[in-house]
2 protein chains.
Amino acid sequence: MADIEIICIGNELLIGKIQNTNAYWLSKQATQLGVIVQRVTVIRDVVEEIAKTILQTAERKPPFIITTGGLGPTFDDKTLEGIAKALNCPLKVNEEALEMVKEKSLAYLKKHGVTTFELTKPRVKMATLPVEATPVNNPFGTAPAVRVNLNGTVLFALPGVPSEVEAIFTQTIAPLLIQAAKGAGFFEKSLFVQGISESALAPLIDRAMADNKNVYIKSHPTGYLGNKPHIELHLTITSTSEQNAKGILDRSAEQISSLIVENGGKVSC
Amino acid sequence: MADIEIICIGNELLIGKIQNTNAYWLSKQATQLGVIVQRVTVIRDVVEEIAKTILQTAERKPPFIITTGGLGPTFDDKTLEGIAKALNCPLKVNEEALEMVKEKSLAYLKKHGVTTFELTKPRVKMATLPVEATPVNNPFGTAPAVRVNLNGTVLFALPGVPSEVEAIFTQTIAPLLIQAAKGAGFFEKSLFVQGISESALAPLIDRAMADNKNVYIKSHPTGYLGNKPHIELHLTITSTSEQNAKGILDRSAEQISSLIVENGGKVSC
């Protein structure tokens, strides 16, 4: 089973300015591709913090790390500097990246009827990569993404704009994760339970999990309907056989449903 | 300035099952109270991971740590075991916590016309705390929150249900953060910019920040309106003087607005 860790960089995520939808979207996608997301770390726009966090993450040896944010042209975009510090290598203008920035900037200016183009400092900044890094095409934005190796871990640095994250992940990263997952897939089933408390449910979950190995059953209290508690039971399994996985999920769901009804609860799908 | 770190525990956050709304809500609240959120770490329901992450977080010596999730009655609720491992102290039934669990369970059962009450294993589990921990009242749920000291860092372990997180934070944690912030507050202002690219904006931001110390100006590309880029400029400052802070924000916003207009862009509030 292949692991991945996600590092999200940006003060805006830590001041409650925006929801971390990138971490949510990437976690869902990687999981659905049969990869295990081990951790998400959210840090501020501070070079030293970025470098330290990348090194600590790489020490856990996940095959993949994805970072989001901090690749743009402004002063607070510090991810490339952080990666260079982690790798202990210099930053240098990368010709391939510079071509990407030029092409995207020109296309953008042309669209707005601007005919002059200047390779300004902020534009060159987006093409100034750690010397060990390779630029990765960003179909929807000016700043290229970046790929780098860290003692066997492949790190992809993506921008922070969700549409760009999604496009680069789908185009470049997803095929590698599918390969790493070696045919594994993620399968799930939800049951909605009423009229029984989470404490009363606990031993029933234990029994159903003991009888159906590899299924993970998690209870999520979702509030009250009237004065009755409402709990979602989420059954999941990561497996290389869809047929086996679905069979196990069905058997497990049937068993726990029976146990809940025997104990005075109600179950719906 | 007081720092805080947030640790969110739960596989559901790493498989893309649910959005991490707790991290978002807590970050926003703490920031508004004048406290700096340094990091959010999201990890799986694994005792060893919980213990390690707590110890690594405590090494950075933030005055406060908040954890969310993993205090319930089911097998996958492992936060208390993780804290005990981090503290290297045993778990033991806490009489005060047991009273809380009893009281909440009885109230719940009474509401549903159930007259028998049994102190089942899952109920006792919620009151089995690291011996160094103190239970904290949970106004909306059965599982008490927990408070513990880690070499000068105050750690609060909260449940994962958002309504319970919000109630416990407001009742117990917010007053301590206000005290630690020593009168600091967080002030912000947004400007919406059109017709200028982020690269062209970068040097204008640099100038406005150099001229108005302590203001942090961050650009957030928010997509396109027609084929024109739309960028939010978010100006923020943490200060003990509301009047000063607002004056600086206003001056800074005026200056950058003028610079943008001079460079062919449009600004609205």
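Just so you know, all these numbers are worked out from the coordinates, no wet-lab data involved. Only a predicted model underlies this, so the values are computations on that prediction, with no experimental measurement involved. We place every Cβ from the backbone using ideal geometry, glycine too, and count neighbours over all the protein chains shown.
As an equivalent ellipsoid, segment A:61-128 spans semi-axes of 27, 13, 11 angstrom, where each value is the square root of five times an eigenvalue of the C-alpha gyration tensor, largest first. Amide H contacts for B:T68 (H built 1.01 Å from N in the peptide plane; partners 5 or more residues away or on another chain; cut-off under 5 Å): B:I7, B:C8, B:I9, B:L158.
The aspartates and glutamates whose alpha-carbon is closer than 13 Å to the alpha-carbon of B:K61, local same-chain residues fewer than 8 away aside, are B:D3, B:E5. For the residues of B:95-104, the average number of beta carbons from a partner chain within 10 Å of their own beta carbon is 0. Against the main long axis of the alpha-carbon atoms of chain A, helix A:95-111 sits at an angle near 90°. Across segment A:75-88, rounded Karplus estimates of 3J(HN,Hα) from the backbone phi angles (6.51 cos²θ - 1.76 cosθ + 1.60, θ = phi - 60°) give 4, 8, 8, 10, 5, 5, 5, x, 5, 4, 5, 4, 7, 6 Hz, Gly and Pro being marked x. D by Stokes-Einstein for segment B:117-269, Kirkwood Rh over Cα pairs, 25 °C, 0.890 mPa s: 127 µm²/s.
For segment A:76-146, lysine pairs with C-alpha atoms less than 13 angstrom apart, excluding pairs fewer than eight positions apart on the same chain, total 5. Here the convex hull built on the C-alpha positions of segment A:118-185 has a volume of 97 cubic angstrom per residue. Counting every alpha-carbon pair across chain A, the share separated by more than 36 Å comes to 31%. In chain A, the longest principal axis of the Cα atoms and the axis of helix A:47-59 are about 50 degrees apart. Helical runs (DSSP H, four residues minimum) scored at -39500 (n - 2.57) apiece and divided by the length of the protein assembly as shown put the mean residue ellipticity at 222 nm at -12500 deg cm²/dmol. Rounded to the nearest 20, the Cβ-based charge dipole of segment B:52-144 about its Cα centre (Lys and Arg +1, Asp and Glu -1) stands at 160 debye.
What is the helix-to-structure angle for A:198-211, meaning the angle in degrees between its Cα long axis and the longest Cα principal axis of chain A, kept from 0 to 90 and rounded to the nearest 10? So the inclination is approximately 90 degrees. Extension gain, A:A210-A:E103: 0.36 nm per intervening residue step, less the Cα-Cα distance, totals 32.7 nm. Applying 1/(1 + (r/R0)^6) with r as the Cβ-Cβ distance of A:T222 and A:T116 and R0 = 60 angstrom yields a FRET efficiency of 0.60.
Amide H to amide H distances under 5 Å link B:T240 with B:G185, where only residues 5 or more positions off or on other chains count and H is placed in the peptide plane. Percent of Cα pairs in segment A:39-164 per distance bin of 5 Å, from zero to the largest separation: 2, 11, 21, 24, 19, 11, 6, 3, 2, 0. Within 10 Å of the Cβ of each residue in A:192-203, the mean number of Cβ atoms contributed by other protein chains is 5.
Eigen-decomposition of the gyration tensor built on the alpha-carbon atoms of the protein assembly as shown gives equivalent ellipsoid semi-axes of 44, 28, 21 angstrom, largest listed first. If you plug the beta carbon distance of B:Q179 and A:Q243 into 1/(1 + (r/R0)^6) with R0 = 60 Å, you get a FRET efficiency near 0.55. For the peptide B:71-82, the mean number of other protein chain Cβ atoms found within 10 angstrom of a residue's Cβ is 4.
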